[in-house]
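In what follows, a single structure is set out as structure tokens and then discussed.
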Amino acid sequence: MNSRRISIRIGGPLTPVVRNLLLANGILFVIQQVVGFFKPFYLEMIFGLSHAGLIQEFMLWQPLTYMFFHADWLHLLFNMLSLWMFAGELEQSWGSRRFLRFYIYSGTGAGLCIAAMNYFTFIRFGISPYTIGSSGAIYSVFLAYALLWPHREVYLYFILPVKVRTLLIIFGLIEFLGTLGSALGQGGGISHIGHTGGIICGYFLLRFNSEYGYVSSTNRQSRIFLSGKGFITGWLKKYRLKNKRSQIETRIRAKKIIDETLAKIAREGMNSLSPEEKKNLEWARKNYYPDNNQTLH
């Protein structure tokens, strides 16, 4: 009797970089709370990300440091849980240095997207927010994980089993729509552009950086997704097949009309054709013999 082995795991392997990131975020959060008790929002205004701090005060470290600070315990808990769940296997697959560079680069890229959106909302609505949290980098990690292991299942809210690929699509759409809402001045306290920016930056790193390009060769679905050819190529192929089938069916119909009309002319003469039959014959002639610039395979 064959049996299917089902394994359920909470979290991923605690690899060196993941462990150090968890510790760094936890320690900095404690420091943030202690300093904030005496000087509220002091560290957030210096190390968080805002267009004013980055552009006007030249705090150029902000696109990097913002991802190591969090708003509250719940914010920290969910981000670190997500990091623990998805990052360890990526580090094992890529190596610690490659994974750390991917995490930092994508998080910083997401930070630049946040700064651009913050500047846009300030110009249009007079809103001047600052942003903290590692969600942008974690969304890029989630993207890479979903590309490498698309059919793995995770339990959404610890209840509903969902494939990682499906979850990425759902969350990606939510964050994209949220980004559009932010552009219309509907903030809500969540940096949707940071999440969307993390996905975009992670995609470009995987797609165009040769250091991570091998990801696309380890998994056929990842290769198709990263090359941008999956949906478009499939749709074009179906369109060409449908168009070719239509051309063949039209030529078959045209040949039948020609054969039947020529047989009638041979029996009864040219004058026996009605105006409708002459019209059909002309249509058949045009469609059975395509123009010189058309090729049927």
Which numbered condition GLN294 misses (of (1) modelled with pLDDT under 80; (2) surrounded by fewer than 12 Cβ atoms within 10 Å (Cβ to Cβ); (3) part of a helix (DSSP H, G or I); (4) not charged (D, E, K, R)): (3)
Single residue of TYR155, TYR119, TYR203, TYR139 found to be in the same structural domain as MET85 (by TED's automatic domain parsing), of a type in the set (Ser, Thr, Tyr) and part of a strand (DSSP E or B): TYR155
Residue check, VAL162 assigned by TED's automatic domain parsing to the domain that holds MET67 and modelled with pLDDT under 90: yes
Extreme residue, modelled with the lowest pLDDT, among residues of the stretch 48-100 that are surrounded by fewer than 18 Cβ atoms within 10 Å (Cβ to Cβ) and aromatic (Phe, Trp, Tyr): PHE58
Single unsatisfied condition, PHE41 versus (1) closer than 25 Å to PHE125 by Cβ; (2) in contact with a Gly (Cβ under 7 Å, 6 or more places away or on another chain): (2)
Test for PHE78: is it assigned by TED's automatic domain parsing to the domain that holds TYR139, part of a helix (DSSP H, G or I) and of a type in the set (Phe, Trp, Tyr): yes
Residue satisfying condition, being at pLDDT 85 or above and either buried (at least 22 other Cβ atoms within 10 Å of the Cβ) or at positive phi (or both), within set TYR157, TYR145, TYR203: TYR145
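The values are calculated or read from the model by the stated rules, or taken from the named source; none is laboratory data. This is a predicted model, so every value here is computed, not measured. Note that we place each Cβ from the backbone using ideal geometry, even for glycine, and neighbour counts take in every protein chain shown.
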